[in-house]
Amino acid sequence: MEIGVLVYMNDEVEKQIKKVHDFGMKTCQLCAWDFKLFTDEMAERIMKSCKEYDVKISVFWCGWTGPAVWDFYDGPLTLGLVPVTYRFQRVQELQRGSDFAKQIGVDIMATHVGFIPETPNTVEYHSLINAVKAVANRCKANGQKFIFETGQETPVTLRRAIEDVGTGNLGVNLDPANLILYGKANPVDALDIIGEYVMNIHAKDGLYPTDGKHLGEEVPIGEGKVNFPAFIKKLKEIGYDSYLTIEREIEGDQQIEDIKKAKVYLEELLNA
């Protein structure tokens, strides 16, 4: 397993790529939400910076436009491809994201699909599956995998969706903290259900929700409910040998310190 870090595609993308190098890492997920930046010039800047700093982008994490409320009430109405109001627009945006990822030589694209319905025998579920299929097929045409970030659905619901989309190029970006933050699963046990589909991992930690409206709190790795020693052990047991991408959802000096500490902590577990 190789440790990397999540960085953002913005107007100072060179600094973002350099940050990966400065952390002593060689891989990152590049997270993009601003579609104005999906240009030939930006693609050239990214590839030049990756070459300069010897950094590989393991995953292009593509967002979408429109409202996004990260809670249990408005989240199902605003996030990902689930809300019908924004679905057509977001399918097109994710397809565009796949094209941009191809431009910069990245063969895996990830996103949050949204709160996938738990009940499969509904119009809502089947229409969502068709939307995901449209994105997955564009990725397939571009020689890419399309991977779901975990959290907003139970592992069995996610596995069912992967099986029902059935395009053969689907996988999972397993965020163990999200499974905790959304109260959906124990990350270690989740590997029994979706482990074979995991292609990348967000190394992140968090606490369970304390009320019925708000997500749990993200915290530094090692301070939350993700049992990282058991999690890493289970990853080794199932033969996972890809990327651990550190994500810390704060900004500033504290984020930098937490990422540095997380790198040391994960290295110790990998070498144990």
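From (1) small (Gly, Ala, Ser); (2) touching a Gly at 6+ places or on another chain (Cβ under 6 Å); (3) closer than 25 Å to Cys28 by Cβ, pick out the condition that doesn't hold for Gly216.
Of the numbered conditions (1) small (Gly, Ala, Ser); (2) touching a Gly at 6+ places or on another chain (Cβ under 6 Å); (3) closer than 25 Å to Cys28 by Cβ, the odd one out for Gly216 is (3).
Could you tell me whether any residue of region 201-216 is in a strand (DSSP E or B), more than 27 Å from Asp107 (Cα to Cα), in contact (Cβ under 8 Å) with a residue 40 or more places away in the chain and touching a helix residue (DSSP H, G or I) at 6+ places or on another chain (Cβ under 9 Å)?
No; the residues of region 201-216 include none that is in a strand (DSSP E or B), more than 27 Å from Asp107 (Cα to Cα), in contact (Cβ under 8 Å) with a residue 40 or more places away in the chain and touching a helix residue (DSSP H, G or I) at 6+ places or on another chain (Cβ under 9 Å).
If Lys260 satisfies all but one of (1) surrounded by 13 or more Cβ atoms within 10 Å (Cβ to Cβ); (2) in contact (Cβ under 8 Å) with a residue 60 or more places away in the chain; (3) within 15 Å of Leu174 (Cα to Cα), what's the number of the condition it fails?
(3)
Evaluate region 252-261: report whether one residue or more is closer than 16 Å to Gly206 by Cβ and within 18 Å of the chain's Cα centre (by Cα).
Looking through region 252-261, at least one residue is closer than 16 Å to Gly206 by Cβ and within 18 Å of the chain's Cα centre (by Cα).
Before we move on, is Gly224 assigned to a loop (DSSP other than H, G, I, E, B), within 26 Å of Pro76 (Cβ to Cβ), at pLDDT 95 or above and touching a Gly at 6+ places or on another chain (Cβ under 8 Å)?
yes
Among Ala177, Ala230, Ala185, which is aliphatic (A, V, I, L, M) and surrounded by fewer than 19 Cβ atoms within 10 Å (Cβ to Cβ)?
Values: Ala177 fails: surrounded by fewer than 19 Cβ atoms within 10 Å (Cβ to Cβ); Ala185 fails: surrounded by fewer than 19 Cβ atoms within 10 Å (Cβ to Cβ).
Step by step, each of Ala177, Ala230, Ala185 is checked, and only Ala230 is aliphatic (A, V, I, L, M) and surrounded by fewer than 19 Cβ atoms within 10 Å (Cβ to Cβ).
Can you name the residue in region 56-108 that is among the aromatic types (Phe, Trp, Tyr) and touching a residue at least 60 places away in the same chain (Cβ under 8 Å) and, of all such residues, is surrounded by the most Cβ atoms within 10 Å (Cβ to Cβ)?
Out of the qualifying residues, it is Trp61.
I need the full set of residues from region 18-50 which are in contact with a strand residue (DSSP E or B) (Cβ under 7 Å, 6 or more places away or on another chain) and under 18 Å from Glu2 (Cα atoms), in order please.
If the condition is that a residue be in contact with a strand residue (DSSP E or B) (Cβ under 7 Å, 6 or more places away or on another chain) and under 18 Å from Glu2 (Cα atoms), then Lys19, Val20, Phe23, Met25, Lys26, Thr27, Cys28, Gln29, Leu30, Cys50 are the ones that fit.
Go through region 29-52 and give me each residue that's over 14 Å from Lys15 (Cβ atoms) and of a type in the set (D, E, K, R).
Asp34, Lys36, Asp40, Glu41, Glu44, Lys51
Assuming Phe146 fulfils every condition listed in (1) touching a residue at least 40 places away in the same chain (Cβ under 8 Å); (2) among the aromatic types (Phe, Trp, Tyr); (3) more than 15 Å from Val198 (Cα to Cα) apart from one, which condition is it?
Checking Phe146 against (1) touching a residue at least 40 places away in the same chain (Cβ under 8 Å); (2) among the aromatic types (Phe, Trp, Tyr); (3) more than 15 Å from Val198 (Cα to Cα), the one that fails is (3).
For region 9-112, which fully contained helices (runs of 4 or more DSSP H) count at least 3 residues that are farther than 25 Å from Lys184 by Cα and modelled with pLDDT of 95 or more?
13-22, 40-53, 84-103
In contact with a helix residue (DSSP H, G or I) (Cβ under 9 Å, 6 or more places away or on another chain), closer than 18 Å to Trp33 by Cβ and either buried (at least 22 other Cβ atoms within 10 Å of the Cβ) or in contact (Cβ under 8 Å) with a residue 60 or more places away in the chain (or both): does that describe Thr111?
Numbers: in contact with a helix residue (DSSP H, G or I) (Cβ under 9 Å, 6 or more places away or on another chain): yes; closer than 18 Å to Trp33 by Cβ: yes; either buried (at least 22 other Cβ atoms within 10 Å of the Cβ) or in contact (Cβ under 8 Å) with a residue 60 or more places away in the chain (or both): yes.
Here the answer is yes, as Thr111 does meet what is asked.
The values are calculated or read from the model by the stated rules, or taken from the named source; none is laboratory data. It should be emphasised that the depicted structure is a prediction, and the values quoted were computed from it without experimental measurement. Note that each Cβ is placed from the backbone with ideal geometry, even for glycine, and that neighbours are counted across all protein chains shown.
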